[in-house]
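Participant: Right, I'll just put the structure down here and ask away after.
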Amino acid sequence: MSSALTTHLNFFWAGLLKHGQTGGIVPSQRFLIARMIAPVPEAYRGKIIELGAGAGALTLRLAARCPQARILACEINPILARDNRNTLAAAGLDGRVKVLADSAEHVLRELGRGGSERPDFIISGIPLGNLGKEKAGALLDTIRQTLGQGGMYIQFQHSLLDRRKIKARFPNTISTFVALNFPPAFVYYAQKREAVAPGR
Ligand SMILES: C[S@@+](CC[C@H](N)C(=O)[O-])C[C@H]1O[C@@H](n2cnc3c(N)ncnc32)[C@H](O)[C@@H]1O
């Protein structure tokens, strides 16, 4: 069986057996991925964090688009994380990306603790709407804390369920609709800006 087919089957099974966690039965497709990664300049040299990278549909396109960026992708399902690594290796892009089989919450906590360089982009496919109000809120808070000043958090969702939660933390958020994806999706672009004190 081809490795692309195996990867799709693994994602499909994850979607059936762990639906809440996986949030779908097929990986994102090219129009959605293109909209997700569009704000990242091709010449970007800094750090990008991808949360809920799945089998790597977006990771692969991001690594190909931004050859100088340092990309850290995390995926809670170890089978999908392994497929992601294999896909990157087959494309010769594995040297550009670190894929961790770990939860977004843990990876972000560790990054915050290390006092390391902050990412300008956090790109997420995590099914926020399936996390529950408290977990989703806590994850959004951590994303905001981790992101560098002026940085952008990019998230897709198949509804606008969490628009308010995101806007509450990132008032400077816009969303767009991508019809050419199965299922169609909304993409949020949420920019981090500190509130400026009056009179400054
Ligand atoms: C909707 S899929 C998106 C996969 C991929 N980014 C794409 O666009 O095809 C969501 C992924 O997030 C992963 N995930 C869910 N909760 C997570 C968490 N707390 N930390 C890391 N990954 C998580 C799931 O296992 C799943 O692979």
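Computed from the coordinates by the stated procedures, all read-outs in this text should not be read as laboratory data. On a predicted model such as this, the values are computed, not experimentally measured, just so you know. Glycine gets a Cβ as well: all are built from the backbone with ideal geometry, and neighbour counts include every protein chain shown.
Participant: Residue separation times 0.36 nm, minus the C-alpha to C-alpha distance between ARG169 and LYS98: what's the value?
Facilitator: 22.8 nm
Participant: What is the diffusion coefficient of the range 82-178 in µm²/s, taking the Kirkwood radius over Cα pairs and the Stokes-Einstein relation at 4 °C with a viscosity of 1.567 mPa s?
Facilitator: Value of D from the Cα-based Kirkwood radius: 87 µm²/s.
Participant: So how do 174-183, 33-42 stack up, highest first, on mean other-Cβ count within 10 Å?
Facilitator: Numbers: 174-183: 12.7, 33-42: 17.7.
Order by mean packing, descending: 33-42, 174-183.
Participant: Select from LEU32, LEU140, LEU16 the residue whose mean-square fluctuation is largest in a Gaussian network model of the chain (Cα-Cα springs shorter than 10 Å).
Facilitator: Judging by the Gaussian network model, the answer is LEU16.
Participant: Could you name the aspartates and glutamates whose alpha carbon sits less than 13 Å from that of LYS47, not counting residues in the same chain fewer than 8 places away?
Facilitator: The qualifying aspartates and glutamates are GLU117, ASP120.
Participant: Beyond a 22 Å Cα-Cα separation, which of these cross-linked pairs lie in this structure: LYS135/LYS165; LYS167/LYS192; LYS18/LYS167?
Facilitator: LYS18/LYS167
Participant: Still on this structure, I have one more. Hey, got a sec? Which trypsin sites (Lys or Arg not before Pro) in the range 42-128 land in a DSSP loop and have at most 11 other Cβ atoms within 10 Å?
Facilitator: Passing both the DSSP loop test and the Cβ count: ARG45.
Participant: Here is a further query. Taking θ as phi - 60°, what are the ³J(HN,Hα) couplings along the range 89-103 by the Karplus curve (6.51, -1.76, 1.60), each to the nearest whole Hz, with x for Gly and Pro?
Facilitator: Along the range 89-103, the couplings run 5, 5, 8, x, 10, 5, x, 9, 9, 9, 10, 9, 8, 7, 7 Hz.
Participant: What angle do you read, to the nearest 10 degrees and between 0 and 90, between the alpha-carbon axis of helix 133-146 and the longest principal axis of the chain?
Facilitator: The two axes meet at around 70 degrees.
Participant: Another question, if that's okay. Let me test this: with uniform point scatterers at the alpha carbons of the range 3-191, what is the Debye-based log₁₀ I(q)/I(0) at q = 0.12, 0.17 1/Å?
Facilitator: -0.51, -1.12
Participant: Moving on. Using the C-alpha atoms of the range 130-194, what convex hull volume per residue, in cubic angstrom, is computed?
Facilitator: Per residue, the Cα convex hull of the range 130-194 comes to 81 Å³.
Participant: Right, another one. To the nearest Å, what is the center-to-center distance of the range 74-111 and the range 1-37, using C-alpha atoms only?
Facilitator: 15 Å
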